[in-house]
Amino acid sequence: MPIDYALYFVADAEFASGRDLVPVIEAAVRGGVTVVQLRAKDYPFQAFVELGRRAAAILKKRRVPLLINDRVDVALACGAAGIHLGQKDMPPALARRALRKGSLIGISVNTPEEAREAENQGADYVGAGPAYATTTITTGLPVLGPDGIRRIKDAVRIPVVAIGGITDRNARAVRRAGADGVAVVSAILSATDPERAARQIKKSFRGLAP
């Protein structure tokens, strides 16, 4: 079944400010989130699995895919739809052998060359960033802007999801650059109303809001 990457929510435990992530995920999905990536880098295995299973139970009802950041073991244990890998994480081919048949694999990229390599290695999509300056994660990588997103999109046939500094004010610009979706962390996690925040970003991406 084709995946709608339009609004991809990175639910990061580190930036949840002590809140339970699952209600935030549920609210964001009501607002239009189409994919959820769960990121909990400092969680031990069992705690990460428990969080993943709770999220998976919510998302299954909504038919929204759950992806796990980095951890193949956690993805398998909580029945996630797949994983997202960084450039220094497990090679996609190795992850593919470990995961269930049909699992999704995404890879973070910053250049057209990295995007082509990810596609050649069997990635289902790439997360291209940082699209804009962001304080959510420090990468030291060049900011791509819409032009950089366009170059990556032109380099591959698989979906490209723009990530980094995405808000309801700039989501449309990366859509015009060819992005198949936008990935959001703080614009939803920091919002007092995650449902409303998600709705506004999706409207902007779809070209339905100023």
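The values are calculated or read from the model by the stated rules, or taken from the named source; none is laboratory data. The model shown is predicted, which means the values in this text are computed figures rather than measured ones. Cβ sites come from the backbone with ideal geometry, for glycine too, and all protein chains shown count toward neighbours.
Against the condition farther than 21 Å from Asp4 by Cβ and surrounded by 22 or more Cβ atoms within 10 Å (Cβ to Cβ), how does Val74 come out, does it pass? Full working, then the answer.
Values: farther than 21 Å from Asp4 by Cβ: yes; surrounded by 22 or more Cβ atoms within 10 Å (Cβ to Cβ): yes.
Yes: the conditions hold for Val74.
So, Val10, is that one closer than 23 Å to Ile166 by Cα, touching a residue at least 40 places away in the same chain (Cβ under 8 Å) and buried (at least 17 other Cβ atoms within 10 Å of the Cβ) or not? So Val10 passes the test.
Only a single item in (1) modelled with pLDDT under 95; (2) on the phi > 0 side of the Ramachandran plot is not met by Leu208, and it is number (2). Candidates in segment 84-95 are the residues that are of a type outside the set (Asp, Glu) and more than 13 Å from Tyr125 (Cα to Cα); of these, the one that is surrounded by the most Cβ atoms within 10 Å (Cβ to Cβ) is Ala95. Residue pairs whose Cβ atoms lie under 6 Å apart, separated by 6 or more positions or on different chains, with the first residue in segment 64-84 and in contact (Cβ under 8 Å) with a residue 24 or more places away in the chain and under 13 Å from Val49 (Cβ atoms) and the second surrounded by fewer than 24 Cβ atoms within 10 Å (Cβ to Cβ) and of a type in the set (D, E, K, R), are Cys78/Arg53. Among all positions in segment 115-124, there is no residue which is within 16 Å of Gln37 (Cβ to Cβ) and touching a His at 6+ places or on another chain (Cβ under 7 Å).
Can you find even one residue in segment 98-105 that is in contact with a His (Cβ under 9 Å, 6 or more places away or on another chain) and within 23 Å of Pro194 (Cβ to Cβ)? Within segment 98-105 (the criterion being in contact with a His (Cβ under 9 Å, 6 or more places away or on another chain) and within 23 Å of Pro194 (Cβ to Cβ)), the answer is no, since none of the residues qualifies. Select from segment 27-53 the residues that are at pLDDT 95 or above and surrounded by fewer than 18 Cβ atoms within 10 Å (Cβ to Cβ) and list them in ascending order. Selection gives Arg30, Pro44, Phe45, Gln46, Ala47, Glu50, Arg53.
Listed here are the strands (runs of 3 or more DSSP E) enclosed by segment 1-106 that have at least 2 residues being of a type outside the set (Val, Ile, Thr), on the phi > 0 side of the Ramachandran plot and in contact with a Phe, Trp or Tyr (Cβ under 8 Å, 6 or more places away or on another chain), and there are none.
Does Ala177 qualify as being modelled with pLDDT under 95, more than 17 Å from the chain's Cα centre (by Cα) and farther than 19 Å from Val10 by Cα? In short, no.
Output the residue which, of all residues in segment 179-202 that are small (Gly, Ala, Ser) and in contact with a strand residue (DSSP E or B) (Cβ under 7 Å, 6 or more places away or on another chain), is nearest to Pro112 (Cα to Cα).
Ala179
Here the condition is being crowded, with 19+ Cβ neighbours inside 10 Å and small (Gly, Ala, Ser); of Ala98, Ala81, it holds for Ala81 alone. Scanning segment 171-199 for residues that are in contact with a Phe, Trp or Tyr (Cβ under 9 Å, 6 or more places away or on another chain) and under 21 Å from Leu66 (Cα atoms) yields a total of 13.
Looking only at segment 95-114, count every residue that is β-branched (Val, Ile, Thr) and in contact (Cβ under 8 Å) with a residue 40 or more places away in the chain and tell me the total. First the steps, then the outcome.
Restricting attention to segment 95-114, the residues satisfying the condition of being β-branched (Val, Ile, Thr) are 105, 107, 109, 111.
Next, from what is left, pick out any that are in contact (Cβ under 8 Å) with a residue 40 or more places away in the chain: 109, 111.
Looking only at that region, the number is 2.
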